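Data block below; observations after.
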């Protein structure tokens, strides 16, 4: 029970590695959008309150706080819109700055500028804000505890009578509600991120070889050229003798052949643009490769050193005259020629041995 609670409060119920590798990259985008949205709405709402304070006597004492709140919210909005998409490292600091700005705004309104009235804004913030952002629950708890403590200190300084006691009790109760709701919502969102990542993996990854599958190939096909500076190469690989190996020794050995080819492909070309295209066919795209023939020779030598054989075709093209259809067709055509040569040679070798 203790370990489960510790895991929940530190990493929203998943292990640390999963949180850092899967949750953080995914939550960064949601947090960025949320900072943009919340700060924009804050600018509109607080500006409207600032203007209304000019004409409504009951809220005129808060006009300065409204003006400062609107300016700070606008600065937060501009910073987030202009920089967070390019510099993701800024996202979480801006999340905590958002907490600070809006909690502080609620505290000032409730204690310094209008100490005789029951505090409402800060109480709403305590429950509402923790549900908007996704981060480690322990951080949300610490932020709430710190601001509730500051609120209570200012209450003791500026408030008196029944309002003082009611606000302190409300701050503690709503603080606990905020910590609880923030942790629950974070847990739900994190589980959603994990499930989304698992579904994405299933839909894009070939289970046997752990390379990208045909579905990923079709999704990536026309975005790959965007990753190139000057050229794109395509390598088309086919396993020789897979059917015979399956028939003679069993599918277990055929699977080992395919996994061996996949491992060798990853060693030479990496995994990002390597695909298991069909049963025994693989397609690899290599951006900006200076010597594709040398890379192919390394791949072939690697696989043959393990006692297997492949047929490989390849082609390269400059980006300014690239046709993906032609590039792939040329590589595939060469592969089939190599395959035909391999089987002719194998047939002749058997005949000579006889």
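In nm, what is the difference between 0.36 nm times the number of residues separating residue 158 and residue 210 and their Cα-Cα distance?
Taking residue 158 through residue 210 to full extension adds about 12.3 nm, to one decimal.
Measure off 7 Å from each Cα along the Cα-to-Cβ vector at residue 227 and residue 322, then give the distance between these two points in nanometres to one decimal.
A separation of 1.0 nm, rounded to one decimal place.
Can you bin region 91-247 into rounded, prolate or oblate? Criterion: square roots of the alpha carbon gyration tensor eigenvalues sorted a ≥ b ≥ c, rounded for a/c under 1.5, prolate for a/b above b/c, oblate for the rest.
prolate
Tell me, what is the Rg over Rh of region 1-154, with Rh the Kirkwood radius over Cα pairs?
Value, to two decimals: 1.03.
With contacts defined as alpha carbon pairs under 8 Å and 6 or more residues apart, what's the relative contact order of the chain in percent?
14
Neighbouring Cβ atoms within 10 Å as the yardstick, rank 273, 253 fewest first.
The order, fewest Cβ neighbours first, is 253, 273.
At what distance in angstrom do the alpha carbon centres of region 197-240 and region 112-188 lie from each other?
So the separation of the two Cα centres works out to 49 Å.
If Rh is defined by the Kirkwood formula over all Cα pairs and Rg also comes from Cα, what ratio Rg/Rh do you get for region 286-354?
1.09
Quickly work out the residue 220-to-residue 304 label distance, labels modelled 7 Å from Cα along the C-beta direction, and quote it in nm with one decimal.
Rounded to a tenth, the inter-label distance reads 2.8 nm.
What angle, in degrees between 0 and 90 and rounded to the nearest 10, separates the Cα long axis of helix 91-111 from the longest principal axis of the Cα atoms of the chain?
It is inclined by approximately 10 degrees.
Cα centroids of region 243-309 and region 1-79: how far apart, whole angstrom?
Taking the Cα centre of each part, region 243-309 and region 1-79 sit 49 Å apart.
Give the span of the chain's Cα atoms along each principal axis, as three whole-Å numbers ordered largest to smallest.
The principal-axis extents, from largest down, are 109, 53, 24 Å.
Would you compute, from DSSP H runs of 4+ residues alone, the mean residue ellipticity of the chain at 222 nm, taking -39500 (n - 2.57) per run and dividing by the full residue count, rounded to the nearest 500?
-22500 deg cm²/dmol
Pairs of Cα atoms under 8 Å, at least six residues apart: use those to get the relative contact order of region 188-321, whole percent.
In percent, rounded to a whole number, it is 35.
Evaluate the Debye formula for region 14-86 with equal point scatterers sitting on the alpha carbons, no solvent, and hand back log10 of I(q)/I(0) at q = 0.14 Å⁻¹, in q order, two decimals.
One equal scatterer on each Cα of region 14-86 leads to -0.56.
Tell me, what is the percent relative contact order of region 2-203, built from C-alpha pairs under 8 Å that lie six or more residues apart?
26 percent.
If you count, for each residue, the other Cβ atoms within 10 Å and average over each peptide, how do 147-153, 297-303 line up from highest to lowest?
147-153, 297-303
Using R₀ = 51 Å, calculate the FRET efficiency as 1/(1 + (r/R₀)^6) where r is the Cβ-Cβ separation of residue 290 and residue 120; round to 0.05.
The pair residue 290/residue 120 has a calculated efficiency of 0.15.
Taking a ≥ b ≥ c as the square roots of the eigenvalues of the Cα gyration tensor of region 214-353, is the shape rounded (a/c under 1.5), prolate (a/b larger than b/c) or oblate?
In terms of gyration-tensor shape, prolate.
With a Cα-only, solvent-free Debye model of region 240-303, what are the log10 I(q)/I(0) values at q = 0.11, 0.15, 0.20, 0.24 Å⁻¹?
Results for region 240-303 at q = 0.11, 0.15, 0.20, 0.24 Å⁻¹ read -0.28, -0.50, -0.81, -1.05.
Nearest 10 degrees, 0 to 90: what angle lies between the long axis of helix 292-304 and the longest principal axis of the chain (Cα atoms)?
Roughly 70 degrees between the two axes.
Exposure proxy check: 320, 288, 280 ranked by fewest other beta carbons within 10 Å?
320, 288, 280
Using a Förster radius of 45 Å, what is the FRET efficiency between residue 17 and residue 82 based on their Cβ-Cβ separation? Nearest 0.05, please.
0.85
Taking the Cα-to-Cβ direction at residue 96 and at residue 329 and moving 7 Å from each Cα, how far apart do the two end points lie in nm?
It is 5.7 nm.
In what sequence do 8, 126, 258 fall when counting other Cβ within 10 Å, fewest first?
Least to most surrounded, the residues fall as 8, 258, 126.
Throughout, read-outs are computed from the coordinates displayed, never taken from laboratory work. Everything quoted here is computed from the prediction, not taken from an experiment. With ideal geometry, Cβ positions are generated from the backbone for all residues, glycine too; neighbour counts draw on all protein chains shown.
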